[in-house]
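First up is the structure itself, then whatever we jot down about it.
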Amino acid sequence: MADPDAPAATDGTPRDGATGDASIPVDAAKPQRTVIVIPFENKDSVQIIGDTADAPYINGLLATSAHATNFKDELAISIPSEPHYVWMEAGTNAFADHTFTTDSDPSASNSTASTDHLVTTLEAAGVNWMAYQEGIAAGGCPTKSTGEYAAKHDPFVFFQDVTSSARCAQHHAPLTALPSDNLPAYTFITPNLCNDMHGDLFCPSGLSDKSNIKAGDAWAAANLPALIAYTHTHDATIFLVWDEGESTQLIPFIAIGDHVVKGADATLYSHSSLVKTIAELLGVSPLDTVASANDFAAMFEPGYL
């Protein structure tokens, strides 16, 4: 995490977490909650939960966190990563002008003009957000995959209302720019291909499942302690989510924070549950696409959500 004394206005908002739009009133008596989402890649629940040899750090979190035992992918196992990330932003991968089915970079034909997605809803309510993508350069809109950064793992760049203006660059920064304090209310952090349990031929972990689980677990061990400490001093929650399974639709999910109910939760959840819960935690109406999904209320203290 970056130096807390360094300017944190990477998205143009004040460090106190309030919106930068002076026309939207902010209730100082109600400090903004923070939701931190960290997606990992392509692992079944049984590959992570209980695998203390390859994922010792993540399994060590289970004693003080909540985890889902029935988190199911809503898309077919044959559908690749990108549509899952789009779903994490909009509660669907199908729009009037395009249905996402590939892992291609965003383009005129592989994007949507829909404004019915989470961050646009948040901005309309004066809630700030930021995507910290490991491996991107500062000051730009990362619509092209390069090096260890894969655009398919950045859901926001597939929405034209984000990419058609300076808004995209204002809400994207490299992971190295993540501030130590006063995080944006919605903070989305994507590890690079070599750290997200996906792997690639150019990664030290190659394409081996076990090696990539170990690499992702090591990344978590290096990056999560500071974020977990942040939850103890702020009204913040961390969600560790996987985009899809490798051979099943049952995938891991872990919620971390002072207000979660520790232990396993067998409620049926999905990526729609994630989208719905983020909206509820941050005080906005959930998207229509996720209205029927179970939220994570059972994972939190009564009355928190």
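The values are calculated or read from the model by the stated rules, or taken from the named source; none is laboratory data. Nothing here was measured: the structure is a model prediction, and the numbers come from that model. Because the Cβ atoms are built from the backbone with ideal geometry, glycine has one as well, and the counts that use them run over all protein chains shown.
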What pairs can you find where one residue is in region 117-130 and surrounded by 20 or more Cβ atoms within 10 Å (Cβ to Cβ), the other is small (Gly, Ala, Ser) and in a strand (DSSP E or B), and their Cβ atoms are less than 8 Å apart, with a gap of 6+ or different chains?
Met130/Ala173
Across region 248-278, which residue is farthest from Pro225 (Cα to Cα) among those that are outside any strand (DSSP E or B) and either hydrophobic (A, V, I, L, M, F, W, C) or at pLDDT below 95 (or both)?
Leu268
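Out of the residues in region 280-305 meeting the condition of being assigned to a helix (DSSP H, G or I) and over 19 Å from Ala68 (Cα atoms), tell me which one is nearest to the chain's Cα centre (by Cα). Break it down stepwise before answering.
If we filter region 280-305 for residues that are assigned to a helix (DSSP H, G or I), which is where we start, we get 280-281, 288-290, 297-299.
Filter again for over 19 Å from Ala68 (Cα atoms), leaving 288-289.
Values: Asp288: 20, Thr289: 18 Å.
Out of the qualifying residues, it is Thr289.
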Options Ala90, Ala2: the member that is aliphatic (A, V, I, L, M), in contact with a helix residue (DSSP H, G or I) (Cβ under 7 Å, 6 or more places away or on another chain) and at pLDDT below 95
Ala2
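Given Ser81, Ser45, which one is over 21 Å from Asn294 (Cβ atoms), under 19 Å from the mean Cα position of the chain (by Cα) and of a type in the set (Ser, Thr, Tyr)?
Working: Ser45 fails: over 21 Å from Asn294 (Cβ atoms).
Only one candidate qualifies: Ser81.
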For region 161-194, give me each residue that is in contact (Cβ under 8 Å) with a residue 24 or more places away in the chain, farther than 25 Å from Asn212 by Cβ and of a type in the set (S, T, N, Q).
Thr163, Gln170, Ser180, Asn182
What pairs come up if the first residue lies in region 91-103 and is without any contact (Cβ under 8 Å) to a residue 40 or more places away in the chain, the second is of a type in the set (Phe, Trp, Tyr) and part of a loop (DSSP other than H, G, I, E, B), and their beta carbons are under 9 Å apart, counting only those six or more places apart or on different chains?
Asn93/Phe100; Ala94/Phe100
The listed residue being surrounded by fewer than 19 Cβ atoms within 10 Å (Cβ to Cβ), in contact (Cβ under 8 Å) with a residue 60 or more places away in the chain and of a type in the set (A, V, I, L, M, F, W, C), out of Ala266, Ala279, Ala298, Ala293
Ala266
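For (1) among the basic types (Lys, Arg); (2) within 20 Å of Lys262 (Cβ to Cβ); (3) modelled with pLDDT of 95 or more, each residue gets a yes or a no:
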| site | (1), (2), (3) |
| --- | --- |
| Pro31 | no, no, no |
| Phe40 | no, no, yes |
| Ile49 | no, yes, yes |
| His67 | no, yes, yes |
| Asn70 | no, yes, yes |
| Glu82 | no, no, yes |
| Tyr85 | no, no, yes |
| Asp97 | no, no, yes |
| Ser104 | no, no, yes |
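Can you tell me which of Ile58, Ile136, Ile77 is free of Cβ contacts under 8 Å to residues at least 40 places away in the same chain and aliphatic (A, V, I, L, M)? Can you show your working first?
On the way: Ile58 fails: free of Cβ contacts under 8 Å to residues at least 40 places away in the same chain; Ile77 fails: free of Cβ contacts under 8 Å to residues at least 40 places away in the same chain.
Answer to the check: Ile136.
Report those helices (runs of 4 or more DSSP H) wholly inside region 159-236 carrying at least 2 residues which are within 18 Å of the chain's Cα centre (by Cα). Working first, answer last.
Working: elements: 160-163, 167-170, 209-233.
Fully inside region 159-236 and qualifying: 167-170, 209-233.
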Within the group Tyr132, Tyr57, Tyr85, which residue is within 29 Å of Leu201 (Cα to Cα) and part of a strand (DSSP E or B)?
Tyr132
What number goes with the only condition from (1) surrounded by fewer than 15 Cβ atoms within 10 Å (Cβ to Cβ); (2) touching a residue at least 60 places away in the same chain (Cβ under 8 Å) that Lys144 does not pass?
(2)
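Residue-wise test of (1) buried (at least 16 other Cβ atoms within 10 Å of the Cβ); (2) closer than 22 Å to Glu89 by Cα.
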site	(1), (2)
Ala222	no, no
Ala226	no, no
Trp242	yes, yes
Glu246	no, yes
Ile256	yes, yes
Lys262	no, no
Val284	yes, yes
Asp288	no, yes
Pro302	no, no
Quick check on region 62-79. Is at least one of its residues in contact with a helix residue (DSSP H, G or I) (Cβ under 9 Å, 6 or more places away or on another chain), surrounded by fewer than 17 Cβ atoms within 10 Å (Cβ to Cβ) and β-branched (Val, Ile, Thr)?
yes
